Amino acid sequence: MKIYKVTLGYEHPCVASVLHNIGIMYHAKKDNETALKCLKKSLSIRLSQLGEADLSVADSYGWIGKIHREKKNFTKALECFVRAHKVKVDVLGKAHVESAEVLHNIGIVYDDLGMLTQR
């Protein structure tokens, strides 16, 4: 990552991708705090450089939501999944399988929150 930062700058989408992947690796090692820091930094770079309507932004929101759900922070998880879903629908459409996958995550969090009657 150091090479990317030196050659491309700290706010380049490639740096965001590396941070995203490092976050996923920390998640796999059960270090969710470090994973969350990496994923949030990645999201910040992606938002500033790529804008809200980029699929990599949706991926960042999805992973951040996943970690919040594992930490039982269901409100934050729901917020992240809703944002990820909006991006997926805007870019891919409602009928795309990736949009449906995020909608499934939203349903799971509604269940976690005891909001089974919500749509």
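Here are the numbers for this structure:
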| quantity | calculated |
| --- | --- |
| Scope segment 55-76; condition crowded, with 17+ Cβ neighbours inside 10 Å and either outside any helix (DSSP H, G or I) or touching a Gly at 6+ places or on another chain (Cβ under 7 Å) (or both); matching residues | Trp63 |
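Yes or no, residue by residue, for (1) over 12 Å from the mean Cα position of the chain (by Cα); (2) surrounded by 15 or more Cβ atoms within 10 Å (Cβ to Cβ); (3) assigned to a loop (DSSP other than H, G, I, E, B):
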position	(1), (2), (3)
Leu78	no, yes, no
His85	no, yes, no
Val91	yes, yes, no
Ile106	yes, yes, no
Leu116	yes, no, yes
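Since every read-out is calculated from the coordinates, none of them should be taken as a lab result. From a predicted model like this one, the values you see are computed outputs, not experimental measurements. In this analysis, Cβ positions are derived from the backbone assuming ideal geometry, glycine residues included, and neighbour counts consider all displayed protein chains.
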